[in-house]
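K.L.:
My structure is below; once you've seen it, I'll send some questions.
The values are calculated or read from the model by the stated rules, or taken from the named source; none is laboratory data. Worth saying up front: this structure is predicted, and the values here are computed from it rather than measured. Here the Cβ is made from the backbone with ideal geometry for all residues, glycine too, and neighbour counts use every protein chain on show. Please note that ligands, DNA and RNA were not included when accessible areas were found on the heavy atoms of the full protein model with its side chains. Shrake-Rupley method; radii C 1.70, N 1.55, O 1.52, S 1.80 Å.
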Amino acid sequence: MELASYSDYAVRLVNTEEPARNKDTLTSVEAVRELFGGSQQAARRATEADVTRFRSVRARLRAVFEAADGGEETLAVDLLNSLLLEFPVSPQISGHDFRDEDGRPDWHMHLADHPSNATAGYAAIAAMGLAFHLTDHGVDRLGLCEASPCRNAYLDTSTNRSRRYCSDRCATRANVAAYRARKREEAERTGRSAEAAQPTTAVTDR
């Protein structure tokens, strides 16, 4: 697994909240455990206390995306570095149960965490993954969806650095909204032109 792929942990956590819509799905220990995906052993460490801790880390990760999206490159790096210092990991070579065609382990780098709780473990992997993505692809590859009021986080992996939305659904919604806005402007311009073309009737005194 490429270490940058762990950055999905950060996106997954940040997007449990949609502030503009006043929505938050991170409300229970079950929601916390779902964030770990297939890592069931790590998920089992989660307790009710992790709900509040996860929300705190979420706010700090969102701040990284907000700084990057706003062009504040140094601030984004500083915020991420503070997370890396607080939640360290130990890179290790791992083979798990994967085997190549010759029966040898498929050796790859793995982020081993030694957390005191589920939040520390998740935060360590999310921050390190995001750091690898940032250094591999650039700060400008961390974005927030432009489809108002979404503002979900995303990682831009497009070849031409053109991504602006978190999903196809948001892209479609934004395009439809832009199309309707153009049509309204055209209708208003046409209306104004028609009014301007109307002949004026002179009023004379008798």
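K.L.:
Given the peptides 60-73, 39-52, arrange them by the average over their residues of other C-beta atoms within 10 Å, most packed first.
P.N.:
Values: 60-73: 18.5, 39-52: 14.7.
Sorting 60-73, 39-52 by mean packing, highest first, produces 60-73, 39-52.
K.L.:
Which whole-Hz couplings ³J(HN,Hα) result when phi for each residue of region 169-179 is put into the Karplus expression 6.51 cos²θ - 1.76 cosθ + 1.60, θ = phi - 60°, listed in order with x for Gly and Pro?
P.N.:
Values per residue, Gly and Pro as x: 4, 5, 4, 5, 4, 5, 5, 5, 5, 5, 5 Hz.
K.L.:
Between R163 and R189, what length in nm is gained on full extension when 0.36 nm per residue of separation is reduced by their alpha carbon distance?
P.N.:
Numbers: separation 26, 0.36 × 26 = 9.36 nm, distance 3.17 nm.
Extending this stretch completely gives an extra 6.2 nm.
K.L.:
Please list 3J(HN,Hα) in residue order for region 32-46, calculated via the Karplus relation 6.51 cos²θ - 1.76 cosθ + 1.60 where θ = phi - 60°; whole Hz, with x for glycine and proline.
P.N.:
Values, residue by residue: 5, 5, 5, 5, 6, x, x, 7, 5, 5, 5, 5, 5, 6, 5 Hz.
K.L.:
Any idea what log10 I(q)/I(0) is at q = 0.13 Å⁻¹ for region 1-154, Debye with uniform C-alpha scatterers and no solvent?
P.N.:
Calculated log10 I(q)/I(0) at the listed q: -0.61.
K.L.:
Suppose the chain between H137 and E30 were pulled fully straight at 0.36 nm per residue; how much longer would it get relative to their current alpha carbon spacing? Please list the in-between numbers first.
P.N.:
Values: separation 107, 0.36 × 107 = 38.52 nm, distance 3.31 nm.
In short, 35.2 nm is gained.
K.L.:
Over all alpha-carbon pairs in region 90-167, figure out the percentage whose distance exceeds 21 Å. Please report the intermediate quantities before stating the final value.
P.N.:
Working: 1553 of 3003 pairs.
The share of Cα pairs beyond 21 Å in region 90-167 comes to 52 percent.
K.L.:
Would you mind working out the accessible area per residue for region 1-136, using a 1.4 Å probe, and quoting it in Å²? Mind showing how you got there, number by number?
P.N.:
Values: 7390 Å² over 136 residues.
That works out to 54 Å² per residue.
K.L.:
Also, quick follow-up: Order the peptides 139-147, 5-13 from the highest to the lowest mean number of other Cβ atoms within 10 Å of their residues.
P.N.:
So the order, starting with the most tightly packed, is 5-13, 139-147.
K.L.:
Divide by every residue of the chain the summed helix terms, -39500 (n - 2.57) for each DSSP H run of at least 4, and state the resulting mean residue ellipticity at 222 nm, rounded to the nearest 500 deg cm²/dmol. List each step's numbers first, then the result.
P.N.:
Working: 7 runs with 104 residues, N = 206.
Helix-only estimate at 222 nm: -16500 deg cm²/dmol.
K.L.:
Report the full-extension gain for the segment A20 to H108: residue separation times 0.36 nm, less the Cα-Cα distance, to one decimal in nm.
P.N.:
On the way: separation 88, 0.36 × 88 = 31.68 nm, distance 4.00 nm.
My answer for the length gained is 27.7 nm.
K.L.:
Short version: ³J(HN,Hα) in whole Hz for each residue of region 24-30, in order, from phi by Karplus 6.51 cos²θ - 1.76 cosθ + 1.60 (θ = phi - 60°), x for Gly and Pro, what are they?
P.N.:
8, 9, 8, 10, 8, 5, 5
K.L.:
Can you give me the relative contact order of the chain as a percent, contacts being Cα pairs under 8 Å and 6 or more apart?
P.N.:
On the way: 261 pairs, mean separation 50.2, N = 206.
Taking the mean separation of contacting Cα pairs over the length of the chain, I get 24 percent.
K.L.:
Scan around R163 for amide H atoms under 5 Å from its own, H built in the peptide plane at 1.01 Å from N, and keep only partners 5 or more places away or cross-chain.
P.N.:
S158
K.L.:
How far apart, in nanometres, would the label points at Q40 and S82 be if each is projected 7 angstrom from Cα along the Cα-to-Cβ direction?
P.N.:
3.8 nm
K.L.:
Which of the peptides 150-159, 118-127 is most tightly packed, and how do the rest follow, going by the mean number of other Cβ atoms within 10 Å of each residue? Mind showing how you got there, number by number?
P.N.:
Numbers: 150-159: 16.9, 118-127: 25.0.
Ranking, from highest mean packing down: 118-127, 150-159.
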